[in-house]
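Take a look at the structure set out below.
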Amino acid sequence: MIDRVLILGTGLLGASAGLALRAAGFAGSVVGWDKDPQQAQTALRLHAIQAIAADPIAEAKTSQLILLATPVYAILDWMEQLAPVLSHDQLVTDVGSTKAVITEAGNRLFNLPGRAAFLPGHPMAGKEVCGAAEADSALFRGAVWIFTTDPWISQQPEGNISPLSAAHGMEWMEWIRKFGCRILEIDAARHDELVAWVSHLPQFLATALTALLQTEVGDAPELTAVGGRALREMTRLGSSPYSMWRDVAYTNTEAVASAIAALEQRLAHLRENLRTPELREEFELANRFRK
């Protein structure tokens, strides 16, 4: 049974996970750490965590579950640091936005005889703003929480994952269900391909559109009056932090670039057919997808 959780990264997702655990009735200890002490202090003040780890590595050694809730490259760095010092009965999991590089590192560094288990995960939830102050115990309600081992335990050779760490993994999934999530297990490469279309492309489209508007009409005094709901909705993601999306761009480059190229072609098709019946067909396709 998990009774001690360490959250490394107490920003939006990490602090929300801490709040969600409490809301779901978790009675154990939740300790946190963040490279930004203010984030950790905010998480503590909001009761997302009960204490701030003075030494995160030492704290990790005493925790049954370590949740890595940082941008992707920081997750990979923590994995390198933790793998040699954790025991066979511990479980490490994450909330990283791309999964191929993390899943590969997990099977290389963990999930081996004598090593802790690693369960790669990704909640399809978030906001366009970051930080512990934005944390919400209901952030994951109704969301899908993806795991990219399909299935997790049976893929590992016998003896690679201890029965206790496997039990921790099953218990963590149960807590996630109590958050109000639906669990989906898919291949890591397929995950990265899908999220490039449904998550990463919308973000980069919003970023490009918002940056373009800033360049073209950002100083227009009439902008506030003219820009209505459509402008607010289309540019909402434009305030997302570069620190997180940089790692997404670096670790899912091929899939994101392919999606952006396809969008460029689609926009060119629209531009060329602004006065033809094909414009109607594009709207019909869009309406069909929304339904």
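Here are the numbers for the structure shown:
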item	result
Of the criteria (1) within 21 Å of Ile161 (Cβ to Cβ); (2) modelled with pLDDT of 95 or more, which one Asn107 fails	(2)
Residues satisfying the stated conditions in segment 1-23, i.e. open to solvent by 10 Å² or more (accessible area, probe 1.4 Å) and farther than 22 Å from Leu164 by Cα	Gly11, Leu12, Leu13, Leu19, Arg22, Ala23
From the options Gly227, Gly238, residue that is open to solvent by less than 90 Å² (accessible area, probe 1.4 Å), farther than 22 Å from Ser97 by Cβ and either touching a strand residue (DSSP E or B) at 6+ places or on another chain (Cβ under 8 Å) or of a type outside the set (Phe, Trp, Tyr) (or both)	Gly227
Residue check for Asp94: under 13 Å from Leu8 (Cβ atoms) and in contact with a Pro (Cβ under 7 Å, 6 or more places away or on another chain)	yes
Odd one out for Ile66 among (1) surrounded by fewer than 22 Cβ atoms within 10 Å (Cβ to Cβ); (2) over 15 Å from the mean Cα position of the chain (by Cα); (3) at pLDDT 95 or above; (4) of a type in the set (A, V, I, L, M, F, W, C)	(1)
Hits in segment 72-90 - residues which are of a type in the set (Val, Ile, Thr) and open to solvent by 20 Å² or more (accessible area, probe 1.4 Å)	Val85
The listed residue being of a type outside the set (Phe, Trp, Tyr), exposed (fewer than 13 other Cβ atoms within 10 Å of the Cβ) and at positive phi, out of Gly159, Gly218	Gly159
Residue in segment 13-20 that is out of contact with any Pro (no Cβ under 7 Å at 6 or more places or on another chain) and either more than 20 Å from His122 (Cα to Cα) or not in a helix (DSSP H, G or I) (or both) present	no
Filter result for the condition that a residue is without any contact (Cβ under 8 Å) to a residue 60 or more places away in the chain and β-branched (Val, Ile, Thr), over Val217, Val248, Val256	Val217
In segment 103-127, the residues that are open to solvent by 40 Å² or more (accessible area, probe 1.4 Å) and under 20 Å from Ser199 (Cα atoms)	Met124, Gly126, Lys127
Meets criteria (under 20 Å from Gly180 (Cα atoms), modelled with pLDDT of 95 or more and surrounded by fewer than 15 Cβ atoms within 10 Å (Cβ to Cβ)) for Gly96	no
Selection within segment 194-232 - at pLDDT 85 or above and of a type in the set (Asp, Glu)	Glu216
Any helices (runs of 4 or more DSSP H) falling wholly within segment 45-151 and containing at least 1 residues that are within 26 Å of Asn252 (Cα to Cα)	72-82, 100-109
Complete set of residues in segment 133-156 that are surrounded by 19 or more Cβ atoms within 10 Å (Cβ to Cβ) and of a type in the set (Val, Ile, Thr)	Ile146, Thr148, Thr149
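The values are calculated or read from the model by the stated rules, or taken from the named source; none is laboratory data. Only a predicted model underlies this, so the values are computations on that prediction, with no experimental measurement involved. Every residue, glycine among them, receives a Cβ derived from its backbone with ideal geometry; neighbour counts consider all protein chains shown. In case anyone asks, the SASA skips ligands and DNA or RNA and just uses the protein heavy atoms, side chains included. Shrake-Rupley method; radii C 1.70, N 1.55, O 1.52, S 1.80 Å.
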